[in-house]
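Enquirer: One structure coming up, written as structure tokens, with questions to follow.
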Amino acid sequence: MKYIASLKHPDTTGPIELEVEAEYLSDAENKADELFESKFHAVTFAMEITVRRAEALG
């Protein structure tokens, strides 16, 4: 299942979003945290990360 993760980072004007694939929401939240840290070198401690189910297109 596809999820969209959003990170509200104080150095950006809007949230940073990325797509996460996982079977469950809890897995998507864990993957999102890892991806933000590795991809953007963002320290996500005490930052708000929200994960929502991706909307089906079409």
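Enquirer: Among the listed residues A5, A22, identify the single one that is under 11 Å from the mean Cα position of the chain (by Cα), modelled with pLDDT of 80 or more and open to solvent by less than 100 Å² (accessible area, probe 1.4 Å).
Expert: A5
Enquirer: Might you let me know whether the range 25-43 holds any residue that is modelled with pLDDT under 80 and either under 15 Å from E55 (Cα atoms) or in a helix (DSSP H, G or I) (or both)?
Expert: Looking through the range 25-43, at least one residue is modelled with pLDDT under 80 and either under 15 Å from E55 (Cα atoms) or in a helix (DSSP H, G or I) (or both).
The values are calculated or read from the model by the stated rules, or taken from the named source; none is laboratory data. Nothing here was measured: the structure is a model prediction, and the numbers come from that model. SASA here: full protein model, heavy atoms, side chains in, ligands and nucleic acids out. Shrake-Rupley method; radii C 1.70, N 1.55, O 1.52, S 1.80 Å.
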